[in-house]
Structures are given as C-alpha cells and as structure tokens.
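Trainee: I have a structure I would like to understand better, so I am pasting it below and will then ask my questions one at a time.
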Amino acid sequence: MDPDTFRSDGLGGPDIYWRRRMLVLVALLVVVAVVAWACSRSASGPQRSAAPLSTPASEPVLANLPSLTPTPSPSLGASQTRSQSPKATKAAPRPKRPGEPCAERDLVLNLEGRTEVYTGDSRPGFMLTLVNTGKVMCTTDVGPRAVEIRITSGEDRVWSSADCISGDGLDIQRLERGIPYVRMIEWDRRRSGRDCVGDRTAARPGTYVVGVRAGKLTAPKAVFHLR
C-alpha cells in the first residue's frame, strides 16, 4: 500500500498502522493464554478433589477396621503345649521280697460246702482255700478273726468263727505262689454270739447261707439246709 494513502485518510503514518497490528496480536495472544489457563485449571481440578483420600483424616477409618493378623486358637495352643510338655512317668513299684505281707490284690479266697442238705445230727462242713497269685512267697494271717466265716438265715446272724476266741487268734501262714492254703471248718449246729457264757442254743431246721471275709476279700456265698 502506498504510504501516502495513510496520510490522506487521516489515520497517520506506517508506524501507527504497525502499532495497531501489534496490539491486536498481543490481545489475541492474551485471549489464547487465558483459554489455555482455564482448560488446564479444569483438567487439574479432579486430581485436587481426590487428594482427601490420602489425608490423615482417613486414617481413623482404617484404625477402626478389625485386625487381619491371625491369632492362635486358645484350645489349639493349649493342646500343643500339652503335647510338647514331657509326660510324667510313674516310678516303678519296688519288687516284693519273699516273706513280706501278702497284698490283698494277690490273694484269691474261696469257700465250698461239703453238701447242700444235712439231716439228723450231721454237721455242716466247709472247705476254705486261699491262694497267693503274687510272684514271690508272702505271709498272711488266716486266724478266725482275720478270716471270718459267718452263717446267717435271712437277717439273723446265727454263727461266726470270730465269736468266743481265746487268745489273740493269730495264725500266720506262708503262702507260696500258686499253692493254696486249705482249712476245713465244721459247724456244730449251734448258735454263737458275743456272750460266751452258758449253753448255746441249737439252730433250727431251715435254710442257711455261709460266707467268708478276709479284710476286703470275699468269696461267693453257699446255701445249705438243715433237716
């Protein structure tokens, strides 16, 4: 364009024309910068909104959650403790020496009647046996007090070998292993009691039961009849 033209329309010279061009260009750049800044602000907004998830305010929520650390079961721990603890061992019993008192657990007591019916003046007879099943010979009292034979009829106590004994009544016997001690007992068909003075009353005909006791040992009872 001819420079004279600028002067003829009153707008000034070429310098004024280029200044106006530069102002328009600067204004355009400012608008572009503002738009770019607004876009970058909107793009970065969601990132800043998600920031509270990592703030300390969220920590109490996590603290209230149940612990995920496995805890041992009390019963399982107790059983493991018992299984790991050494078992208590019982001391072996001292071997019994020959001649020591017999242990009741090593003795077998038995009583048998001669027959079941006794007529006339026949006296009931019984065979007592005591056997040592221990490993060694032992000693025990088989006297009439220690080994009591008792005859009853219902609730009536008729006769006992422990009644009216003179002296201490001891009878210590040596019992070899497996060899029975045997004693025969005969009843004179008369009643006995703690009063040993005077005549003893004869037992009446009827049914009677005989039994034997040695400490805590007992034997099966036998039934017999007097005619």
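Trainee: Looking only at segment 97-131, count every residue that is acidic (Asp, Glu), more than 30 Å from residue 227 (Cβ to Cβ) and open to solvent by 70 Å² or more (accessible area, probe 1.4 Å) and tell me the total.
Mentor: The total comes to 1.
Trainee: Hey, another quick one. Take segment 199-221 and flag every residue that is in a strand (DSSP E or B) and within 42 Å of the chain's Cα centre (by Cα).
Mentor: 211, 212, 213, 214, 217, 218, listed by residue number.
Trainee: Residue by residue through segment 183-204, note down the ones that are of a type in the set (Val, Ile, Thr) and surrounded by 11 or more Cβ atoms within 10 Å (Cβ to Cβ).
Mentor: 185, 201
Trainee: Go through (1) surrounded by 13 or more Cβ atoms within 10 Å (Cβ to Cβ); (2) out of contact with any strand residue (DSSP E or B) (no Cβ under 7 Å at 6 or more places or on another chain); (3) more than 21 Å from residue 219 (Cβ to Cβ) and name the single condition residue 145 misses.
Mentor: Status for residue 145: all satisfied but (3).
Trainee: Within segment 146-158, is even one residue in a strand (DSSP E or B), within 42 Å of the chain's Cα centre (by Cα) and polar (S, T, N, Q)?
Mentor: no
Trainee: Could you count how many residues in segment 172-198 are assigned to a loop (DSSP other than H, G, I, E, B) and under 18 Å from residue 162 (Cα atoms)?
Mentor: Result for segment 172-198: 11.
Trainee: Does residue 143 count as under 30 Å from residue 94 (Cα atoms) and touching a helix residue (DSSP H, G or I) at 6+ places or on another chain (Cβ under 6 Å)?
Mentor: In short, no.
Trainee: Give the residues of segment 205-216 that are on the phi < 0 side of the Ramachandran plot and open to solvent by 30 Å² or more (accessible area, probe 1.4 Å), sorted by residue number.
Mentor: Those that are on the phi < 0 side of the Ramachandran plot and open to solvent by 30 Å² or more (accessible area, probe 1.4 Å): 205, 207, 209, 213, 216.
The values are calculated or read from the model by the stated rules, or taken from the named source; none is laboratory data. Just so it is clear, the structure is predicted and the values come from calculations on it, not from any experiment. Using ideal geometry, Cβ is built from the backbone for each residue, glycine included, and neighbour counts are taken over all protein chains shown. Note: accessible area is taken over every heavy atom of the protein model, side chains too, but ligands, DNA and RNA are not part of it. Shrake-Rupley method; radii C 1.70, N 1.55, O 1.52, S 1.80 Å.
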